[in-house]
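K.L.:
Supplied in structure tokens, the structure appears directly below.
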Amino acid sequence: MKIRSSALITLALAAVVVAVGLVMTFVGGGIRFYSQSAQMTQLDQMFWCMLAVVVLMFIFGFVRYDLPSGLALGTAALHDQLVTLAVTAIASRAFAQSYVMPALVVASAVFTCAFTIPVIREARLIGRGLSLREHTRDEVADMAVKKTRPVLLRVLVAALLIFIAFAISGGGLMFGFALPLLAGILAAGLSAWRVSPYVWAAAASRSKTRR
Amino acid sequence: MAKPTPVKKTTANRKAVSGVTLLILIALTVAFVWLGMTGMNMDGQGLYKLLPWLPTTGTESLWREALVPGAQLGETLVMDLAPEAENPLSEEEQALTIQVITARIKDMGWLDSRVEVLEDGTFRATLPKAADDGHIDHVLDARGVFSFADPEGNVFLTGENIQTAGFGMTDISGADYSLSIAFDEEGSRIFGEKTTQLVGQSISLMLDGNTLVSPGVNMPLTEGGVSIPGFALEPAREYAIMMRSGAMPYALEVLSMASGPPTLGEGAAERLVIALYIVFLLVALFLIIRQRLGGLIAAWMLLVQLALSYFFAALMGAGFTLVTLAGIWLAFLVMVFGVAMLFDSVQEDVRRGRSVRQAVKESYSGRSHGTIDVMAALIALSVLVIIVDAQGVIGGFAKVLGVSLLVGLALSQVALRLILNETLTLFGDRSGLYASGVKKKEEA
């Protein structure tokens, strides 16, 4: 399974961010919360929910579409959840978090679904209608990204507007509280355009080769 | 040979039906949103009310009774508590005290409360104003050391062996409540042995050295738990909460209880309400400019989704918190995605020369399935997250998100389609009404 180099580079960068964020979460004093009581927030449930999101996205993609789509959706969910958590953990040094943080980290699944599912669907549709002798799966993935970009850009702008509405309403404290939303939006946008279509392409090429 | 007259009549009738359908739907929407903003007295005296549920910035509206604001966005109750200890508490004791107070407050459902140690070693708990029910101080100031004693007063079991506790009605009268206690392995063994010895006598349940109740023992209780009747509702609830939270190092004395501003600052809720409605207006404006009549219908559906989402959040007792708002507005975002997908597909098909009606039909049987996929995946995810974290903040978010998504799914797949078809019948299949820039391209 050969994944396009740009996707691999994006994944590698995300892995670095995730590594730094997770080290800060578990070793370096943890995520900084705005009060002593919030500091005692139990993150166990959040990790279980994150795992549930990744597993469900994989199963949904596999059952609804096929194995390559399941892999792509699972990868996107894993990427988005971990990057959101890591960015939140790193940013919490400057912007303290509230009790809402675990919910907003898991909420990045909303952006994963809204951004990645249309791209994967489109890639499958385009793939069916094209001759694979003339076009590689990576090219099909490129076309799907290009085709869905206008709609997803509109959704991205609406998501950013919602984040801005939250962020400007309660000063610096509120900006910190809403930060996981922004991290989720950016992580999902990144994975939908740079990672998951090419994971789908690589997995689809492999399954085709095997057949 | 067919006569043209009946066909014309049918078309005119169909248009009339469409017009009436649209008028009824508009009237229903206006009435629903109006009720959401003003509420309604259900009887002449105003004893039974339908509370308003749509957040507004005015202070006269009663929506805060339906969507009770949390500590971050609403008025707060600030409680200062001092430990009843001769010497200042150590850091470990302070941390344990905060942990126990936080657990008790969260157990009462006030998730966005704040507890901290002040410089003078006292504790400050900031809770939503609604937490001031006349019992909150009893829950927070008690040390919470439970013990069981025999008739001679010898303690044989302490709260450390209590695994979990709950309460429930003893009978249907609703006057008597029972405290249900489950012990750990060691506690089960000790309690079983002691109740076997004390059959025909009584045991005492004590809190901080004071006897709460002394029920008789009719039979050995070796099942690892006990249900003790004889409590009123509030004490039963308070004792169950204290048993679950564990004990503090020292009892606390309530120094003061006063009203305070929201933890996010004065006016944060009003600013947030305005900012979110501006987001709605911007999205609606964009849709109307781009999709004209189609955009207006989409904005209408988005408004209905918001009104219904707030309504169900109020019914679920979700409160006006950041968690509730995040759930409602992320579901709104998914609805925006659905609308964008639909009209993008319609516009593309119309450019290719299809009629708007054909394009809508095609879109609902093709690309719009992407919207169903996204919403179905997220609803399934919400259910899974509720199972994993039913009582926590993530579960609370998932409940609001899931319900709002169900509303969005019904609106985007049924109501939007119905209204689009009715407007197509009423105003004709004119592409210029549903997509900007399409005519020019056709002409070109």
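K.L.:
Compute the distance in nm between two label points, each set 7 Å from the Cα along the Cα-to-Cβ direction, one at B:THR164 and one at B:ASN210.
P.N.:
Result: 2.9 nm between the two label points.
K.L.:
While we're here: Considering the options B:ILE101, B:GLY209, B:HIS135, tell which one lies farthest towards the positive end of the dipole of the range B:76-260, charges being +1 on Lys and Arg and -1 on Asp and Glu at the Cβ, about the Cα centre.
P.N.:
Checked the options; the winner is B:HIS135.
K.L.:
Exceeding 23 Å between C-alpha atoms, which entries from my cross-link table qualify? They are A:LYS147/B:LYS361; B:LYS15/B:LYS361; B:LYS361/B:LYS399; B:LYS106/B:LYS194; B:LYS49/B:LYS106.
P.N.:
Over 23 Å Cα-Cα: B:LYS361/B:LYS399; B:LYS106/B:LYS194; B:LYS49/B:LYS106.
K.L.:
In Å³ and rounded to a whole number, note down the convex hull volume per residue for the Cα atoms of the range B:266-443.
P.N.:
Per-residue hull volume (Cα only) is 103 Å³.
K.L.:
Mean residue ellipticity at 222 nm from the helices of chain A, using -39,500 (n - 2.57) per DSSP H segment of n ≥ 4 over the full residue count, to the nearest 500 deg cm²/dmol?
P.N.:
It comes out at -26500 deg cm²/dmol, rounded to the nearest 500.
K.L.:
Stretched out fully, how many nm does the piece from A:LEU67 to A:VAL20 gain, at 0.36 nm a residue minus the Cα gap?
P.N.:
Extra length available between A:LEU67 and A:VAL20 comes to 13.8 nm.
K.L.:
How much length is gained on full extension from B:MET37 to B:ARG357, taking 0.36 nm per residue of separation minus their Cα-Cα distance?
P.N.:
The span from B:MET37 to B:ARG357 would gain 111.6 nm if fully extended.
K.L.:
Further question: Cα extents of the range B:76-260 along the three principal axes, largest first, in whole Å?
P.N.:
Computed over the range B:76-260, the largest-to-smallest principal extents equal 52, 40, 25 Å.
K.L.:
Could you size up the charge dipole of the range B:266-443 around its Cα centre, putting +1 on the beta carbon of Lys and Arg and -1 on that of Asp and Glu, and report it in debye to the nearest 20?
P.N.:
Charge dipole, the range B:266-443, about its Cα centre: 580 debye, nearest 20.
K.L.:
What Kirkwood radius, in Å to one decimal, follows from the Cα pairs of chain B?
P.N.:
26.4
K.L.:
How big is the Rg/Rh ratio for the range A:5-210, C-alpha atoms only, Rh by Kirkwood, two decimals?
P.N.:
Rounded to two decimals, Rg/Rh equals 1.02.
K.L.:
Under unit Cβ charges (Lys, Arg +1; Asp, Glu -1), what dipole magnitude, rounded to 20 debye, does the range A:5-210 have relative to its Cα centre?
P.N.:
480
K.L.:
Continuing with this model, one more query. What size of dipole, in debye to the nearest 20, comes out for the protein assembly as shown about its Cα centre when the only charges are +1 on Lys and Arg C-beta atoms and -1 on Asp and Glu C-beta atoms?
P.N.:
Roughly 6060 debye for the protein assembly as shown.
K.L.:
Given the options B:THR196, B:TYR239, A:VAL53, identify the residue whose Cα lies farthest towards the positive end of the charge dipole of the protein assembly as shown (+1 on Cβ of Lys, Arg; -1 on Cβ of Asp, Glu).
P.N.:
Value: A:VAL53.
K.L.:
If you don't mind, another one. Once Lys and Arg get +1 and Asp and Glu get -1 on their Cβ, which of B:GLY144, B:ALA314, B:LEU418 lies farthest toward the positive end of the dipole of chain B?
P.N.:
B:LEU418
K.L.:
Write down the radius of gyration of the protein assembly as shown and its Dmax, each obtained from C-alpha positions, in Å.
P.N.:
29.3, 108
Every number here is computed from the coordinates shown, using simple stated rules; none is lab data. In this text, all values refer to a predicted model and were calculated from it rather than measured experimentally. Glycine gets a Cβ as well: all are built from the backbone with ideal geometry, and neighbour counts include every protein chain shown.
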